[in-house]
Amino acid sequence: MAALGTPLRTLRALLRELRHAAGRSYRDSPAYRHVLAAFRAHRVTSEKLCRAQQELHFQAATYLCLLRSVREHEALHREYHGRGERPPPEGAGL
């Protein structure tokens, strides 16, 4: 994780990963509501400067990295997981 980017970009990517994980009903999930509530609570307004905004952004980016990694790991596992004995041409194709 070299650069964090903007909080809005991180939020959108995080919600996209939640949609991949939960399917169509991701907006009904507690994780969706928690992420939106946390981002709303830690945004900077003209009345209040929140010191924990960068901390929340870093945690969100870390969670985003975790969700992406889990999704990619599952895809690789499905593709390359052993399904018993394979014929030699199929094994060579891997």
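The values are calculated or read from the model by the stated rules, or taken from the named source; none is laboratory data. These numbers come from a predicted model, not from an experiment. Neighbour counts are summed over all protein chains in view; Cβ atoms, including those assigned to glycine, are modelled from backbone coordinates with ideal geometry. Accessible surface is based on the protein model in full, side chains and every heavy atom, while ligands, DNA and RNA are left aside. Shrake-Rupley method; radii C 1.70, N 1.55, O 1.52, S 1.80 Å.
Selection of first residues in region 2-22 that are in contact (Cβ under 8 Å) with a residue 24 or more places away in the chain and outside any helix (DSSP H, G or I) and of second residues that are open to solvent by 100 Å² or more (accessible area, probe 1.4 Å) and not aliphatic (A, V, I, L, M), restricted to Cβ pairs under 7 Å at least 6 apart or on distinct chains, gives the following pairs, ordered by first then second residue: LEU4/PHE58. Taking residues in region 71-94 that are modelled with pLDDT under 90, and partners anywhere that are outside any helix (DSSP H, G or I) and not charged (D, E, K, R), the pairs with Cβ atoms closer than 9 Å and at least 6 places apart or on different chains are GLU79/LEU94; TYR80/LEU94; ARG86/LEU94. Of all residues in region 24-41, which are of a type in the set (Gly, Ala, Ser) and open to solvent by 30 Å² or more (accessible area, probe 1.4 Å)? Of everything in region 24-41, those that are of a type in the set (Gly, Ala, Ser) and open to solvent by 30 Å² or more (accessible area, probe 1.4 Å) turn out to be SER25, ALA31, ALA37, ALA41.
Test LEU56 against the criterion of being out of contact with any Phe, Trp or Tyr (no Cβ under 6 Å at 6 or more places or on another chain), assigned to a helix (DSSP H, G or I) and either modelled with pLDDT under 85 or farther than 21 Å from HIS73 by Cα (or both), and give yes or no. So that I can check it myself, show each step before the final result.
Numbers: out of contact with any Phe, Trp or Tyr (no Cβ under 6 Å at 6 or more places or on another chain): yes; assigned to a helix (DSSP H, G or I): yes; either modelled with pLDDT under 85 or farther than 21 Å from HIS73 by Cα (or both): yes.
The answer is yes for LEU56.
I'd like to verify a number: residues in region 22-53 that are small (Gly, Ala, Ser) and modelled with pLDDT of 85 or more, how many? Please lay out each step first, then the result.
Residues of region 22-53 small (Gly, Ala, Ser): 22-23, 25, 29, 31, 37-38, 41, 46, 52.
If we keep only those that are modelled with pLDDT of 85 or more too, we end up with 29, 31, 37-38.
Residues flagged as small (Gly, Ala, Ser) and modelled with pLDDT of 85 or more within region 22-53 amount to 4.
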